[in-house]
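Input: a single structure, listed below in structure tokens.
Please treat every number below as a calculation from the coordinates, not as lab data. In this text, all values refer to a predicted model and were calculated from it rather than measured experimentally.
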Amino acid sequence: MKFNQQSLQKLEAILSQSEYVVRYERGTFQSGWCLLEAKKIVVLNKFLDVEGRINTLIDLIPQIDINYDKLTLDSQRLFDEVNKRIIPPPATPLEIPFEEKTES
């Protein structure tokens, strides 16, 4: 994915098609964004450059409840690409051998 305005607009479209509003505001965001889930508002730090905004949305989109069926075909493809980048393969749980003690 190229880090340009068009890519940013495509990522924003995923959110808007899922009825989220994207706003750029000033604030003390530790991670560069704030999510108001009840109101479906995503607030991004307005001082981020285009690359920072794209990286923030790439990190954020997999964490949001996106209605896949409402997305256009192009947005579905991009959504799948974003999820492949972010979601690592599931880790296998660490197996610890358990020995049952018997009382004699």
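Descriptive notes on the structure:
- Cα-derived Rg to Rh of the stretch 5-80, Kirkwood definition: 0.94
- Short-range pairs are left out: with C-alpha atoms under 8 Å and at least six residues apart, the relative contact order of the stretch 5-80 is 38 percent.
- For the stretch 1-29 and the stretch 65-87, distance of Cα centres in Å: 14
- For I41, distant residues with modelled amide H under 5 Å away: V21, L36
- Entries in K10/K46; K2/K40; K46/K70; K10/K70 that, when Cα-Cα distance is taken, lie over 23 Å: K2/K40; K46/K70
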